[in-house]
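Novice: Structure below; questions to follow.
The values are calculated or read from the model by the stated rules, or taken from the named source; none is laboratory data. Computed from a predicted structure; not experimentally measured. Here the Cβ positions follow ideal geometry from the backbone for every residue, glycine too, while neighbour counts run over all protein chains shown.
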Amino acid sequence: MEKLKGVGIGAGYFSQFHYDAWQRSKTAYIAALCDVSPGNAQKTASAHGIEKTYASVREMLEEERPDFVDIITPPETHLELCSLVANYGIPVICQKPFGGNLDTAKEIVHLFNEKNLRLIVHENFRFQPWFREIKSHIDKGLLGNRLHTLNFRLRTGDGWQDDAYMNRQPYFRTMEKLFVYETGVHYIDTFRYLAGEVKKVYAKLGRLNKNIKGEDLAWVHFEFSNGALGLMDANRYNENTAENPRYTFGEMLVEGNRGSIWLNTDGSLVHKPLGQPEAVVNYKRGKKGFAGDCVYAAQEHYTDCLLHNKTAESEGSLYIRNLEIQKAIYTSNAEGIPVLL
């Protein structure tokens, strides 16, 4: 099978998960990468078997003429980079937080729509194997035909230290908006994946670690169009008991009119039909890559969609809704009221 030829922009912390997954891909390969730091670019390329590095994005695009570009850079660079790539008529997979804000994200989506080009947001949490399995249980009616509640509890324990985030993502410390903007958007998307469209949100946000600027606590209540309720109870300050708190990032309980399913921090799932004994769910979950190898699963989905002209689950135009919900959460917290979407 012929593989798509891709190039990458960015060689920072999270890009390593992208390049690792591309190296194992059945559908695509990365021919070259570009980064503002030549040293980082060369180090990353060597680690992941990438042949070429560039200091100039424009030069890389002109020389390589790729089938797609994976943009793995901070959100404030997305408009400029996406615009540049779009002028070459090349599809883009763009990392989140997408565009930095709702207006910029809409501008990028509009640009690609005008040029009839594909734009996919790299949103990988819904591809974590436990969420795919929970979704399968919902779709098969194993929890019933009416969803009652979704509750996700996150405690990563990486944000209580005086030097919190310095060892991995130091820019977290100075972000004006942190949890909902950077991490919580994953769960906005995952809640929509599991329960459908969000109708209303009510949020309380807070800052537990006084050494950072943004919020590290989020208590967000969701109302869905189908009548289900959701709760994201999250903070990065307190710890859970997981061997690797960043494997599942937390615990989840999903309830319907015929039973429940639990996600534990080790990735195990327990299904409890009403009136019957609970049973451990037998399903595949890996330890490679990031969080159950969700980056690999997401990227294989994206390239399959590019190859076969199918709509991706996180197509740019579809992803905008997540950012509208995210904005509503911040508005709800600021005004102290529920916000109808």
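Novice: Tell me, yes or no, whether region 326-339 has at least one residue that is outside any loop (DSSP other than H, G, I, E, B), modelled with pLDDT of 95 or more, of a type in the set (D, E, K, R) and farther than 20 Å from LYS96 by Cβ.
Specialist: Yes: one or more hits.
Novice: Something else about it: Can you tell me which of (1) closer than 25 Å to GLU182 by Cβ; (2) of a type outside the set (Ser, Thr, Tyr); (3) under 24 Å from the mean Cα position of the chain (by Cα) is the one ARG24 doesn't meet?
Specialist: Only one criterion in (1) closer than 25 Å to GLU182 by Cβ; (2) of a type outside the set (Ser, Thr, Tyr); (3) under 24 Å from the mean Cα position of the chain (by Cα) is unmet by ARG24, namely (1).
Novice: Can you name the condition, by its number, that ILE138 falls short on among (1) out of contact with any helix residue (DSSP H, G or I) (no Cβ under 6 Å at 6 or more places or on another chain); (2) in the same structural domain as TYR13 (by TED's automatic domain parsing)?
Specialist: For ILE138, the failing item is (2).
Novice: Residue by residue through region 10-67, note down the ones that are hydroxyl-bearing (Ser, Thr, Tyr) and over 18 Å from SER83 (Cα atoms).
Specialist: TYR13, SER15, TYR19, SER25, THR27, TYR29, SER37, THR44, SER46, THR53, TYR54
Novice: Looking for whichever is buried (at least 19 other Cβ atoms within 10 Å of the Cβ) and either among the basic types (Lys, Arg) or farther than 17 Å from ALA328 by Cβ (or both) here; the options are ALA203, ALA242, ALA195. Which one fits?
Specialist: On inspection, the qualifying residue turns out to be ALA242.
Novice: Same structure again: Take the residues of region 283-341 that are at positive phi and out of contact with any Pro (no Cβ under 8 Å at 6 or more places or on another chain): which is surrounded by the fewest Cβ atoms within 10 Å (Cβ to Cβ)?
Specialist: Per the stated criteria, the residue is ASN309.
Table: residues versus (1) polar (S, T, N, Q); (2) under 19 Å from the mean Cα position of the chain (by Cα); (3) not assigned by TED's automatic domain parsing to the domain that holds PHE98.
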position	(1), (2), (3)
ILE188	no, yes, yes
LEU194	no, yes, yes
SER225	yes, no, yes
LEU229	no, no, yes
ASN238	yes, no, yes
GLY259	no, no, yes
ASN264	yes, no, yes
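Novice: Looking for whichever is within 28 Å of VAL92 (Cα to Cα), crowded, with 17+ Cβ neighbours inside 10 Å and touching a Gly at 6+ places or on another chain (Cβ under 9 Å) here; the options are PHE172, PHE222, PHE125. Which one fits?
Specialist: PHE172
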